[in-house]
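Novice: This is the structure I want to talk about, given as structure tokens.
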Ligand SMILES: NC(=O)c1ccc[n+]([C@@H]2O[C@H](COP(=O)([O-])OP(=O)(O)OC[C@H]3O[C@@H](n4cnc5c(N)ncnc54)[C@H](OP(=O)(O)O)[C@@H]3O)[C@@H](O)[C@H]2O)c1
């Protein structure tokens, strides 16, 4: 019997829904009648645990698995290589093998940090990966194991993710701007900030097309439009937040990333070219500036709600 795609929702299983992308993807999918959603926090499903993964896949039999987990602390990865590779490489293979056993396609997130950043005009999916640090290396090795284990995959590389959830550059800039008169940001590293909400939109669009028969498996890039620096992004955060409160900061200082004393080397330019996603799925980039304004508004709304309920 053929499945009636018009009336039967696509069943998706999302891992890591406490994280930035997982949270927004879960919200968007739950609100969309196209999907029936099974959502797991890391406390409910540890993806490095093969038996746990197998049990949940057997029980729920999803049409697709979307893995939004990751060890993303780029500096900490240098001293915590074992944990980083366990999640970004070994657990991804684990998930891919378990999905393969049941012929379930896997949508997986990867990173601009698989590139070395020497190529200023932007990286395509065909460009050679050459990670600079252990975080990027672990993401690259995870990608490679997934490609080998499960042909029915989409690897979506994204960059500079910001949102109202967890530890990210937008929230760190806002926190600093509230506490300090002078703050600094690197003006020599180029990339494209990308909102977790917008990545959720992209994953939803990909899933809908896959479920309607598109067989566009493979690796894709997505980031929001407009290349900037951490300095440029911080300026925009301050402008957007300044609409809601008088921030303590009165000076933003551009610095070199070499003055930041980071443990991990980061790519100088990690702009992702997103034309393959447009050509294969018809998905266009959205500008990060409008996404940022919306995220800052949501940040202040969330704070007001927690203030009222406190
Ligand atoms: N953040 C970025 O700027 C960025 C840039 C490029 C690519 N990416 C990729 O995008 C994906 C999502 O990033 P994100 O920023 O949304 O991540 P995030 O906010 O750090 O969330 C990751 C989630 O994974 C969970 N997790 C950790 N270990 C787990 C395990 N063994 N089993 C199940 N879940 C586990 C974490 O739980 P705990 O919080 O409890 O540890 C957390 O909820 C990752 O693959 C990342 O590499 C992110």
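Novice: Being surrounded by fewer than 21 Cβ atoms within 10 Å (Cβ to Cβ), in a loop (DSSP other than H, G, I, E, B) and within 11 Å of the ligand (Cβ to nearest atom) is the filter here; which residues of segment 46-70 pass it?
Specialist: Within segment 46-70, 46, 48, 49 meet the criteria.
Novice: If the Cβ limit is 6 Å and pairs must be 6+ apart or interchain, which residue in segment 138-161 that is surrounded by fewer than 19 Cβ atoms within 10 Å (Cβ to Cβ) pairs with which residue that is not in a helix (DSSP H, G or I)?
Specialist: Partner pairs satisfying both residue conditions: 152/105; 152/217.
Novice: Give the number of residues within segment 188-209 that are part of a loop (DSSP other than H, G, I, E, B) and either modelled with pLDDT of 95 or more or surrounded by 23 or more Cβ atoms within 10 Å (Cβ to Cβ) (or both).
Specialist: 2
Novice: While we're looking at this one, here's another question. Which of the residues belonging to segment 143-160 are outside any helix (DSSP H, G or I) and closer than 12 Å to residue 95 by Cα?
Specialist: 150, 153
Novice: Would segment 210-225 turn up any residue that is closer than 22 Å to residue 303 by Cβ, assigned to a loop (DSSP other than H, G, I, E, B) and out of contact with any strand residue (DSSP E or B) (no Cβ under 6 Å at 6 or more places or on another chain)?
Specialist: no
Novice: Now, a different point. Can you pull out every residue in segment 8-37 that is surrounded by fewer than 19 Cβ atoms within 10 Å (Cβ to Cβ), under 21 Å from residue 152 (Cβ atoms) and either near the ligand (Cβ under 7 Å from one of its atoms) or touching a residue at least 24 places away in the same chain (Cβ under 8 Å) (or both)?
Specialist: Those that are surrounded by fewer than 19 Cβ atoms within 10 Å (Cβ to Cβ), under 21 Å from residue 152 (Cβ atoms) and either near the ligand (Cβ under 7 Å from one of its atoms) or touching a residue at least 24 places away in the same chain (Cβ under 8 Å) (or both): 9, 11, 34, 36.
Novice: Go through segment 90-129 and count every residue that is part of a helix (DSSP H, G or I) and over 30 Å from residue 60 (Cα atoms).
Specialist: 3
Novice: A further question on this structure: When you go through 133, 117, 122 one by one, which is the residue that is within 19 Å of residue 262 (Cα to Cα), surrounded by fewer than 24 Cβ atoms within 10 Å (Cβ to Cβ) and touching a strand residue (DSSP E or B) at 6+ places or on another chain (Cβ under 7 Å)?
Specialist: Criteria check complete, one pass: 117.
The values are calculated or read from the model by the stated rules, or taken from the named source; none is laboratory data. What you see is a predicted model; the values in this text were computed from it and never measured. Cβ atoms come from the backbone with ideal geometry, glycine included; neighbour counts cover every protein chain shown.
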